[in-house]
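Structure first, then comments.
The values are calculated or read from the model by the stated rules, or taken from the named source; none is laboratory data. In this text, all values refer to a predicted model and were calculated from it rather than measured experimentally. Cβ sites come from the backbone with ideal geometry, for glycine too, and all protein chains shown count toward neighbours.
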Amino acid sequence: MISRLHPILRSTLPLLMGFLVALNSSCASDVDVEKLFLQSNSDDYEERVEAREKLQELVEQGRVEPFARGLRSENAETRVQSILHLMNMKNPKANDPLVAELEPARRFNVFYNPIRLVPASTPADSRIMIAHILLIRGGDPRATEVLSKAYGTESSVEAKVGTIYALGALDDPKTIPTLKKGLKDPSLEVVKAALEGLTQLTVPGLADSLLPGLSDPSEAVRINSATVLSGFPGKGVSERLGSALQRDPSSAVRRAALRSLANVSGLGAFEPALSLLRSKISDPETRNQAAIVLQGLTGQDFGQDAVKWENWWKSHRDKLEKP
């Protein structure tokens, strides 16, 4: 049939067809998902159903681009809905815009906490949600790379915490080196987030990874390590905490070590606490902390009277230390 067309028309037909295809493609890319999201919650039943059917159709067709553009919206709800619709796509290319959303500059707050030990109503970094979605979609090695590179470049502690939690949400062994770096972060919140991620991965020997922090040049790192070691009972941990009590020049580190020693060693912390209470170089805050620990260990309350505490210990020690 084409051979019967006028020569000029026949020569221009491929161009015309190409133009129509391009036009159709252009119209397809102009789908406004933000408008569809609004319509999907309309009070008008027919409008609501039509919008939801259109969104579902886009997902079933694997149309990534409309939702990728939705991720660039200034409206957080539009971005969340775009993320969730990309999650439901079978098209593997849906991972591309999701991975791009893991960059620190793309973070925003959402009510979604797949691994954090906080109420679901607590706002969390959007990258945690996206990392968990990528895990649901089978994982993506680029996610670990993007988040690992981001750690340490963030503009705030809050953003750094989000990076670490997002790494944990990936549930990927390749995140372990970065999560272990987080154990020596100056921020206690970051350390706790790293511990949570490593615990989820059931990484062995976490106490051994924390112990070097007790000797770190940074006082903040030593305080953090002493604090989180309270969750790792054992002789080795008790000995290192006891050593920090005796040798660390920082009273803040000594207080943190004492609190943790009371948790991991029980009455084994009585004499170290009493020594701090008696010490002439202990500051008022440290003596107060020692008295609090002694009270918690024994149920007695002699305030900061070291003599009364010592006399009580002499009278009760043998009975308390019996197996």
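Per-structure values
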item: Residue count for region 128-140, restricted to those that are surrounded by 12 or more Cβ atoms within 10 Å (Cβ to Cβ) and not in a loop (DSSP other than H, G, I, E, B); result: 8
item: Failed item, numbered, when L71 is tested on (1) closer than 23 Å to F111 by Cβ; (2) more than 30 Å from the chain's Cα centre (by Cα); result: (2)
item: Some residue of region 216-225 being in a loop (DSSP other than H, G, I, E, B), more than 30 Å from A124 (Cβ to Cβ) and free of Cβ contacts under 8 Å to residues at least 40 places away in the same chain; result: yes
item: Answer from T199, T144 - the residue that is surrounded by fewer than 16 Cβ atoms within 10 Å (Cβ to Cβ), free of Cβ contacts under 8 Å to residues at least 60 places away in the same chain, of a type in the set (V, I, T) and assigned to a helix (DSSP H, G or I); result: T199
item: Complete set of residues in region 221-240 that are surrounded by 18 or more Cβ atoms within 10 Å (Cβ to Cβ), more than 22 Å from the chain's Cα centre (by Cα) and of a type outside the set (A, V, I, L, M, F, W, C); result: S238, R240
item: Region 179-191, residues that are surrounded by 22 or more Cβ atoms within 10 Å (Cβ to Cβ) and assigned to a helix (DSSP H, G or I); result: L179, G182, V190, V191
item: Residues located in region 204-238, provided they are of a type in the set (S, T, N, Q) and within 15 Å of S187 (Cα to Cα); result: S218, N224, S225, T227
item: Residue satisfying all of: in region 291-323; within 40 Å of the chain's Cα centre (by Cα) and in a helix (DSSP H, G or I); surrounded by the most Cβ atoms within 10 Å (Cβ to Cβ) among these; result: L294
item: Output for region 68-85, where each listed residue is part of a helix (DSSP H, G or I) and either farther than 19 Å from L134 by Cβ or touching a His at 6+ places or on another chain (Cβ under 9 Å) (or both); result: R69, G70, A76, E77, T78
item: Residue list for region 163-178, filter: surrounded by fewer than 24 Cβ atoms within 10 Å (Cβ to Cβ) and assigned to a helix (DSSP H, G or I); result: P173, K174, I176, P177, T178
item: S218, sole failed condition from (1) within 36 Å of the chain's Cα centre (by Cα); (2) at pLDDT below 95; (3) surrounded by fewer than 20 Cβ atoms within 10 Å (Cβ to Cβ); result: (2)
item: Residue that is surrounded by 13 or more Cβ atoms within 10 Å (Cβ to Cβ), at pLDDT 95 or above, in a helix (DSSP H, G or I) and not hydroxyl-bearing (S, T, Y), where the choices are E65, E53; result: E65
item: Those residues of region 287-312 which are aromatic (F, W, Y) and under 14 Å from L277 (Cα atoms), in sequence order; result: F302, W309
item: Only listed residue being surrounded by 18 or more Cβ atoms within 10 Å (Cβ to Cβ), out of contact with any His (no Cβ under 9 Å at 6 or more places or on another chain) and of a type in the set (D, E), chosen from D125, D96; result: D125
